[in-house]
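**Q** Have a look at this one.
Derivation of every value follows stated rules applied to the coordinates shown; laboratory data play no part. None of the values given here were measured: they were computed from a predicted structure. Cβ: placed from backbone, ideal geometry, glycine included. Neighbour counts: every protein chain shown.
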């Protein structure tokens, strides 16, 4: 497993969520059983700094193991199961992992004498069936809730679900964005050869390889439409380190590394073409039964038209001059002028560049 591909944002979110949950449980437990703890040896421990250290360590470890399990699940056969099955399987893995971590942390505290013998004996004598059940129910419930939030985030996108939650785009807002349309080349021939079912499996395997490219380039997915995926970035994120063009080339590199797999399983090696532009886009929430973010602007039209123009110009990646002139010229890519080809649906002249990798 490559830990570099773990989502830092998701890991930080999981750690913070566990810190909140642990402090919440400790606080509720003390308040609800204050008379029990007040006269017990455990009160000294609960009022010491060791309890905060325990919560800190467990929160970090719990959050990290959550991210590791998520990463493993996303890169295994588990990801192909139903939404409910994924939540249940991952929840079981989380629960057993947390039991092991909690046991190891407690053994560490005992070894380091952070917990004295009197406190240990008191807890062993006082722990009841109801107390154990309450611990299991609380943490099991929290695992399922946190797991559900992570799965919803994956379904909607880590940025979109939060924006929908806080209602950021309940009223239309205009922002500077970069859009990239990525489409499968020779899709009609491949679909006719494979048939609908196998072709769908083919696309699923292709877009699964896109995931790591999205994470490493901070890309966001607007939508999947058949054999096409539409990506976007806030302008600052997309221009940073040339993220907006890195995403496409890293995606194609991932496919090239798996060329033998695609050749053996499907008889085709997938190649994708892309079109990209940047400019002002209006964003707003749409829909009642199914709510999502909608983007409106000429940027989407020009990026889509450039992607369609790739075949005619015998290129795999086309972008507008307005975008290319803002990218870093670091020698990693070649930018070749392609003139001002006519783009369907656009009256204004658009200067176009082909982007090629030097690798």
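**Q** FRET efficiency for residue 346 and residue 149, Cβ-Cβ distance as r, R0 = 35 Å, nearest 0.05?
**A** Working: r = 41 Å, r/R0 = 1.18.
The formula returns an efficiency of 0.25 here.
**Q** Also, quick follow-up: Where Rh denotes the Kirkwood radius from the mean inverse Cα pair distance, what is Rg over Rh for the chain?
**A** We get a ratio of 1.09 for the chain.
**Q** Give the angle, between 0 and 90 degrees and rounded to the nearest 10, that separates the Cα long axis of helix 243-257 from the longest principal axis of the Cα atoms of the chain.
**A** Around 90 degrees separate the two axes.
**Q** Shifting gears a bit: Rounded to the nearest 0.05, what FRET efficiency do residue 264 and residue 28 give with R0 = 56 Å and r taken as the Cβ-Cβ distance? Could you check?
**A** On the way: r = 56 Å, r/R0 = 0.99.
The computed FRET efficiency comes out at 0.50.
**Q** Also, I was wondering about something else. Which value in nm describes the separation of the simple spin-label points at residue 294 and residue 56, placed 7 Å from the Cα toward the beta carbon?
**A** Going by the 7 Å Cα→Cβ label model, 5.0 nm.
**Q** Is it possible to state the helix-based mean residue ellipticity at 222 nm for the chain, with each DSSP H run of 4+ residues giving -39500 (n - 2.57), the sum divided by total residues, to the nearest 500 deg cm²/dmol? What is it? Spell out each step's value before the answer.
**A** Details: 15 runs with 211 residues, N = 359.
The helix contribution divided over the chain gives -19000 deg cm²/dmol.
**Q** Here is a follow-up. What spacing in nm lies between the two simple spin-label points modelled at residue 257 and residue 176, each 7 Å away from Cα in the Cβ direction?
**A** That separation, rounded to one decimal, is 3.3 nm.
**Q** Return one number: the angle in degrees, 0 to 90 and rounded to the nearest 10, between the long axis of the Cα atoms of helix 196-216 and the longest principal axis of the Cα atoms of the chain.
**A** 70 degrees
**Q** A further question on this structure: Quick one: order 211, 49, 216 by neighbouring beta-carbon count within 10 Å, fewest to most.
**A** Numbers: 211 18, 49 8, 216 15.
Exposure proxy ranking, most exposed first: 49, 216, 211.
**Q** Note down the relative contact order for the chain as a percent, whole number, built from C-alpha pairs under 8 angstrom at least six residues apart.
**A** Details: 433 pairs, mean separation 48.4, N = 359.
Relative contact order here is 13 percent.
**Q** Given the C-alpha centroids of region 239-300 and region 49-70, what is the distance between them in whole angstrom?
**A** So the two Cα centres are separated by 35 Å.
**Q** Relative to the first principal axis of the alpha-carbon coordinates of the chain, what is the inclination of helix 129-156, with its axis defined by its Cα atoms, in degrees from 0 to 90 and to the nearest 10?
**A** 10 degrees
**Q** 7 Å from Cα along Cα→Cβ at both residue 85 and residue 328: what's the point-to-point distance in nm?
**A** Using points 7 Å along Cα→Cβ, the separation is 4.3 nm.
**Q** What list do you get for 282, 132, 11 if you sort them by fewest beta carbons within 10 Å?
**A** Details: 282 14, 132 10, 11 18.
With the sparsest Cβ surroundings first, the list reads 132, 282, 11.
**Q** Counting other C-beta atoms within 10 Å, which of 250, 356 has the fewest, and how do the rest follow?
**A** Details: 250 21, 356 14.
Sorted ascending by nearby Cβ count, the order is 356, 250.
**Q** If R0 is 30 Å, what FRET efficiency do you get for residue 47 and residue 137 from their C-beta distance, rounded to 0.05? List each step's numbers first, then the result.
**A** Values: r = 26 Å, r/R0 = 0.88.
Efficiency for this residue pair is about 0.70.
**Q** Moving on. Assuming 0.36 nm per residue, please report the length gained on full extension of the stretch residue 308 to residue 9 beyond their Cα-Cα distance. Could the numbers behind the result be given before it?
**A** Working: separation 299, 0.36 × 299 = 107.64 nm, distance 3.42 nm.
Here the answer is 104.2 nm.
**Q** Please report the antiparallel percentage of the DSSP beta bridges confined to region 160-357, to the nearest 5.
**A** Values: 37 of 40 bridges.
Looking only at bridges with both residues in region 160-357, the antiparallel portion is about 90 percent.
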